[in-house]
Amino acid sequence: MVHLPPGVEPPAEEYGGPGQRAMVVNETDLPDQAVMTFLEEHASVLGVNASTSFGTYANEGSLLARARFKIPANLIEEIALARDLVDRDDDLGAALGSMYAIAFEGGMQHLHRDDVTKATFDEMASEVGLDAVWPELLREWLIAGSVTTATVFTSEALSFIPQTADRQRTRSLLCPRIGVLPAEQVRVVDNDMFRTGTLAYKPQTRTEERWLERMFDPKTSEAEKRVMRREDPLLATLCVEQLEVEDEFAAASFFSVNAVTDAAAGRKLYRLNPRMVHRSSMPKGAAKYARPPMTRNFALIEAKRQLNIMDYALLQGGSNFLIVAKKGSDTRPALPEEVSGLRDTLRGATKTGLIVGDHRLDIEIITPDLSELLSPAKRNLLGRKLANAMLRVPEADEDAGGEGMKARQELVGRVISLDRHAMKRHVESGPYREAVKRNDSLTQGPAKVWFPKIVLSGTNYFTDYILKMRDRGDISRRAAVEAGGFDYDSEVEARKREKDRGDDEVMTAGDVPFSGGQGPQDIPEGRPTGSGPNNGAPGADRSRPPAATPTRVIRRTPGETVRAFIVEDEPVRMGEQTHAILEEYPEAEIGRLTKLEQRAVAFMEGNEWPGPFNEGPVHVVPVNPDHDLKEIRAVRLAPGLSILVGARHIDNAICARALCFREPEFQGLDAEERAMAWGFPTREED
């Protein structure tokens, strides 16, 4: 018989719990030391290894063979189990890390109409390390379905320079330092239908319980309380009153190693300071607590544990094998003497390494079937389901293709944006609002927190959208620069230095063909045009002119005749000349007006019968003076050739407003001739 060595605990189910001694009966022919060596090597499988070294968990066996899943008895146990899973499970940890990166990769900014207040909150956030708080808030939010923060204000001297100021400012402010209270230590002691319930603190250790009992004991002297406040000023400030209400979860057996056991758990609660503690939760209805989002993961975790046990068994069995030696055949069976001789030979084969036999000798090595060992399909399935439960998105359809993947990415981005918005509101309505109350100099109210838009797919479309908004003047330069990931203030200072050194005169924009005056981002007079066909556009055919002359001449009338046409199976009222031109150029594209074209339209609207409009390389010939048009658009027919069309006020019929010709494809005289060939009257004809 041998005893278990120190540090090796027997299974609690068989020997009454940890700490009990056990005896191992050795009925084999092996020495005791060999049995003990085998037991120590396989203690994790037996569940008796209580070591906390790398590769094992206390009282739970190895990484692969953990304790059997136990259903949580109440909400607090669910939260504790969810916290334990986030710390241990690889799939949940990876999903949570990805959510951190997606939500907070772009950093944060403050928004406020007052530049001084904005700069103050920027410096305050930097001083208290707010960037590191956001992942903590999101982690607690996903684990417990709620987040409860404790805010402590410390006096700090802040120095900053507002954007519109030219000197540094210094202020002494009470800055909020934000910490996260574990949900297992927070109780709601009354009705929370309107999210206004009283929050109470539940001690998690017996030492903490005794300390709070002494602090709120009427028999404790004020001098002793002052000493206790110096020992733990945070706890003394957080808890303001001992409540008569008892903890409804006092009998809960927590999963944390630092938690109170059932026998030592207290039932007393202590009201939390409402000016320091703020709580937000997921949708919960009239209940006091929201269910942890990972509650739906518990069944999947049990399935993953069973899969780990199966892999563990296959890993151990893979190193075992059987040797089958056969002597004889169907036509010539082995004699007893041959079988006995073969047995003697095999017994010494491990020493000699040599077996001698005739052609009837057959030796087979039998090993376990390891085809299901570490099956990637099963592991990917469980990992994907765990990640989906964490992200709160449905299972992806494998046949959805690329569009389905884009829709899924969009959904993931929206879920993370919603969580991030909840954290933003939590900080704004809690610590930031309290900071304004505690600092008399913050008379303009709290700043707002802003995060960049989450874009998981279609980055090019988002970038184009930002550029268009900036071109239209709908957003500021700061928004456009910071959308690209650059710090605006740094870029402003860099541009100032470049202008002072004259860099703009040295590093001028190059001559780019096919770009003259094509957008507000170009220089006003337009860049030099190309010399080849199609104004230097890539792939232009140099063997023929850019546009063919129309073969038919349309009737010349001051205002073109309007009638109905069938366009893409739909009836459309359109001018005859306009329709003929658009039919001649089926590959025409609709574009927006350039600045020169906008000035030409304004010029035509200010004259009863305007003449040609020429500016730079653009020649504009007005047409249809009798038609009052709205919603002017540009149709690009060919390189250097465009037509401006609009809708008549009286019947929304589409008619031409002007013909636009650009050099070098067309000169001023060519423009007049082309307008006459298409049947539009000129000013001289009138």
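The values are calculated or read from the model by the stated rules, or taken from the named source; none is laboratory data. Being a predicted model, the structure only gives us computed values, none of them experimental. Reconstructed Cβ throughout: ideal geometry from the backbone, glycine too, with neighbour counts over all protein chains shown.
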In the list R414, R420, which residue meets the criterion of being among the basic types (K, R), part of a helix (DSSP H, G or I) and either under 20 Å from R195 (Cβ atoms) or touching a residue at least 60 places away in the same chain (Cβ under 8 Å) (or both)?
R420
Qualifying residues in segment 356-395 (those that are closer than 21 Å to R305 by Cα and of a type in the set (S, T, N, Q)) - the one surrounded by the most Cβ atoms within 10 Å (Cβ to Cβ):
N388
Taking N614 and the conditions (1) in a strand (DSSP E or B); (2) under 29 Å from R563 (Cα atoms), which numbered condition does it fall short on, given that it satisfies the others?
(2)
For segment 627-678, give me the residue count where each residue is small (G, A, S) and on the phi > 0 side of the Ramachandran plot.
1
Among the helices (runs of 4 or more DSSP H) contained in segment 159-252, which hold 1 or more residues that are touching a residue at least 60 places away in the same chain (Cβ under 8 Å)?
206-215, 233-238
A407 of a type in the set (G, A, S) and surrounded by 17 or more Cβ atoms within 10 Å (Cβ to Cβ):
no
Has segment 68-83 got any residue that is out of contact with any helix residue (DSSP H, G or I) (no Cβ under 8 Å at 6 or more places or on another chain), closer than 25 Å to P176 by Cα and either among the aliphatic types (A, V, I, L, M) or not in a helix (DSSP H, G or I) (or both)?
no
Mind listing whichever residues of segment 287-302 are surrounded by 16 or more Cβ atoms within 10 Å (Cβ to Cβ) and part of a helix (DSSP H, G or I)?
P293, M294, T295, N297, F298, L300, I301
Restricting segment 210-244 to residues that are over 23 Å from T198 (Cβ atoms) and among the hydroxyl-bearing types (S, T, Y), the one surrounded by the fewest Cβ atoms within 10 Å (Cβ to Cβ) turns out to be S221
Subset of segment 101-127 [surrounded by 20 or more Cβ atoms within 10 Å (Cβ to Cβ) and either in contact with a Cys (Cβ under 7 Å, 6 or more places away or on another chain) or over 22 Å from A479 (Cα atoms) (or both)]
M124
Taking the criterion of being surrounded by 12 or more Cβ atoms within 10 Å (Cβ to Cβ) and at pLDDT below 85, would at least one residue in segment 421-429 satisfy it?
no
For residues that are under 30 Å from L173 (Cβ atoms) and not hydrophobic (A, V, I, L, M, F, W, C), tally how many sit in segment 441-476.
8
Matching residues in segment 476-486 - criterion: being closer than 24 Å to T594 by Cα, crowded, with 16+ Cβ neighbours inside 10 Å and not small (G, A, S):
V481
Hey, among the residues in segment 315-332 that are surrounded by 12 or more Cβ atoms within 10 Å (Cβ to Cβ) and at pLDDT 80 or above, which one's nearest to the chain's Cα centre (by Cα)?
A325
For segment 631-667, what are the residues that are in contact with a Gly (Cβ under 6 Å, 6 or more places away or on another chain) and in a strand (DSSP E or B)?
E631, I632, A634, R636, C655, R657, R662
Residue under question is T350, and the condition is that it be modelled with pLDDT of 80 or more, among the polar types (S, T, N, Q) and surrounded by fewer than 10 Cβ atoms within 10 Å (Cβ to Cβ); does it hold?
no
Assuming T459 fulfils every condition listed in (1) farther than 23 Å from E123 by Cα; (2) at pLDDT 85 or above; (3) among the hydroxyl-bearing types (S, T, Y) apart from one, which condition is it?
(2)
Unmet requirement for V147, which otherwise passes all of (1) over 30 Å from D114 (Cα atoms); (2) surrounded by fewer than 16 Cβ atoms within 10 Å (Cβ to Cβ); (3) touching a residue at least 12 places away in the same chain (Cβ under 8 Å); (4) not basic (K, R)
(2)
Out of curiosity, is T149 more than 22 Å from R279 (Cβ to Cβ) and in contact with a Gly (Cβ under 9 Å, 6 or more places away or on another chain)?
no
Criterion (surrounded by fewer than 20 Cβ atoms within 10 Å (Cβ to Cβ), more than 17 Å from L234 (Cβ to Cβ) and either among the charged types (D, E, K, R) or touching a helix residue (DSSP H, G or I) at 6+ places or on another chain (Cβ under 8 Å) (or both)) met by exactly one of R187, R169, R177:
R169
I'd like to know if segment 393-411 contains one or more residues that are at pLDDT 90 or above and either outside any helix (DSSP H, G or I) or under 20 Å from G93 (Cα atoms) (or both).
no
